[in-house]
1. Express in nm, to one decimal, how much length is gained between residue 106 and residue 79 on full extension, taking 0.36 nm for each residue of separation and deducting their alpha carbon distance.
2. How far apart, in nanometres, would the label points at residue 125 and residue 39 be if each is projected 7 angstrom from Cα along the Cα-to-Cβ direction?
3. Sort the chain into rounded, prolate or oblate with this rule: let a ≥ b ≥ c be the square roots of the eigenvalues of the Cα gyration tensor; rounded if a/c is under 1.5, and if a/c is not under 1.5, prolate when a/b is larger than b/c, oblate otherwise.
4. Based on the Cβ-Cβ distance from residue 1 to residue 115, what FRET efficiency comes out when R0 is 30 Å, to the nearest 0.05?
5. Would you mind telling me the antiparallel percentage of the DSSP bridges in the chain, rounded to 5?
6. Residue 8 versus residue 29, label points 7 Å from Cα toward the beta carbon: distance in nm?
7. Using a Förster distance of 30 angstrom, determine the FRET efficiency expected from the C-beta separation of residue 71 and residue 93, and round it to 0.05.
8. Springs between alpha-carbon pairs under 10 angstrom, Gaussian network model over the chain: which of 37, 16, 78 fluctuates most?
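What follows draws every value from the coordinates through simple rules; no lab data is involved. This structure is a prediction, so every number in the text was calculated from the model and none was measured. Cβ sites come from the backbone with ideal geometry, for glycine too, and all protein chains shown count toward neighbours.
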């Protein structure tokens, strides 16, 4: 039986830029960082406070992600926050574009979207 999501894996186009974004801007903790010479690839394991993880990979010349119009597949990654307004304000102070805050019509919870350096859609969802 499934018990939860262990990690989400993200392939980035600029490792240093994405590492800065996920570690310094979003505040994920580094678990381990490895360079895999045979693949010319970094693998950075990051952790959120609840124990869930993000794996950040770099590969030489990865293809761009289709987003607009949205392609089939994983749509976005959502992060739980106490205050969507506060975290969205923080992101904007870091020069990250954030969509207007909306309210989920089914749950009444606030949410908004922003993008990582490669345009991957990320969501803030009120916990």
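1. Working: separation 27, 0.36 × 27 = 9.72 nm, distance 1.82 nm.
That pair, residue 106 and residue 79, stretches by 7.9 nm at full extension.
2. Each label point lies 7 Å from its Cα, and together they span 2.8 nm.
3. Details: a/c = 1.61, a/b = 1.51, b/c = 1.06.
Prolate, because a/c is 1.5 or more and a/b exceeds b/c.
4. Values: r = 34 Å, r/R0 = 1.13.
With a Förster radius of 30 Å, E is 0.30.
5. On the way: 20 of 31 bridges.
Beta bridges within the chain, antiparallel portion: roughly 65 percent.
6. Roughly 2.0 nm, to one decimal.
7. Values: r = 32 Å, r/R0 = 1.06.
After rounding to 0.05, the efficiency reads 0.40.
8. Evaluated over the chain, the most mobile residue of the options is 37.
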